[in-house]
Amino acid sequence: MTGITHADIEALKARLDEVEGYLHIDLRRHDVAQLERKSAEPGFWDDAEAASSTMAELTRAREDVQNIEDAHQKLDDAVAALELGDEVGDDELGEEAARLAGELRKSLAELELSSWFTDDLDHGDAIVTITPGQGGLEAQDWCDMLFRMYLRYCDKRGWKVDLNDVTPAEVIGLDRATFTVSGKNAYGMLRAEKGVHRLVRISPTDAKKRRQTTFAGVDVVPVLPDDIEVEIDQNDLRIDVYHASGPGGQGVNTTDSAVRITHLPTGTVVTCQNERSQLQNKAVAMQILRSRLYEMEREKREAELEALRGPKSEISFGNQIRNYVLYPFQLVKDTRTGLETSNVDSVLQDGDLDPFVIAYHRWAVGRKDAS
């Protein structure tokens, strides 16, 4: 038994052909050639901003083409190993074919995911904010647990994380955490996490060791490119400065370096305290505010998305997108997709979120196609 059959290989080949069609690889090859010619033109770097945008587009196109070519190579190698193993009766070659097929399945999952990202912002960076909901001290601890889970996930993905505002609670956990994630498809991937997350466990703060249910909210917005304009009237802003209270630069707890910006018409509040100066914190806070206001306006315009999300929910029971149960049994279950795992540590401790993220996007695409 090799764990892989010729029928399995044929199924993988059909899946690869389908993904290649989704990604329009012939067109992407044309894009690569066209962008390479453009980048070689005299005076290309005279407009540095436009040139950087073109080079970023060229990099994405090359990656799309290379990923498909790598997938074809894995498929060819798996076919060769399986056929030779069958011919000479070598189980090790059969095992090699199974290993290559497993790698190809993972690659195809990534490629399928990219094909579902139709918005340019999906391929860019993301701003994630985690806030405690119902549950008091427990909710603040849960906020910290989610924060650490996402840091591990970003690290596994090879994404860069910049902390914008991580505020410790007085007793345990965090009052809030806002951070920017930079990397390929960061926003597209992480928007699957937007919503209410519910934790059930034995309370570490309860002397009677009773079971506690607590909640935290995760908000995800895209980092906006410079060419997207969001008009903000300075008269609509209230800007407060205060002592930073968490990890940060040299000015923490010595100067009023932290910044809080309130957008009065919408009530949107953004804070930033992890940069070294008040000026830097204000610039980052304004970037986050731009992204949040843009996302709010986009949600208003997109009737389909609004219908999918429904009215804005409280961070409380009945509104969660995912349940994390640590007692009386162990289970992580997504309420949207039905995907579940009993390996809670792999999710919370190791940041193994890809299965949930991929399942969400497959579910969302299916709902969209059905509507």
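Quick notes on this one:
- Toward the positive end of the charge dipole of the range 123-194, with +1 on the Cβ of Lys and Arg and -1 on the Cβ of Asp and Glu, the farthest Cα among V181, P132, W142 is that of V181.
- Largest first and in whole Å, the equivalent-ellipsoid semi-axes of the range 22-101 read 42, 10, 9, each the square root of five times a Cα gyration tensor eigenvalue.
- For the pair S52 and H243, label points projected 7 Å from Cα toward Cβ lie 3.7 nm apart.
- Over all other residues within a Cβ to Cβ distance under 9 Å of I202, the charged ones net out to +3, with Lys and Arg as +1 and Asp and Glu as -1.
- Among residues other than V325 with Cβ under 11 Å from its Cβ, the summed charge is +4 (Lys and Arg +1, Asp and Glu -1).
- Each Lys or Arg adds one and each Asp or Glu subtracts one; over the other residues with Cβ under 13 Å from the Cβ of S39, this totals -3.
- Residues whose amide H lies under 5 Å from that of D175, counting only those 5 or more places away or on a different chain, are T167, A169; hydrogens are built 1.01 Å from N in the peptide plane.
- Binned Cα-Cα distance frequencies in the range 119-310 - 5 Å width, integer %: 1, 8, 14, 18, 20, 18, 12, 6, 3, 1, 0, 0
- Within straight-line cross-link reach of K208, aspartates and glutamates at Cα separation under 16 Å, skipping those fewer than 8 residues along the same chain: E138
- Mean residue ellipticity, 222 nm, helices only, the chain: the sum of -39500 (n - 2.57) across DSSP H runs of n ≥ 4, divided by residue count and rounded to 500, is -16000 deg cm²/dmol.
Computed from the coordinates by the stated procedures, all read-outs in this text should not be read as laboratory data. Please read all numbers here as calculations on a predicted model, not as lab measurements. Cβ: placed from backbone, ideal geometry, glycine included. Neighbour counts: every protein chain shown.
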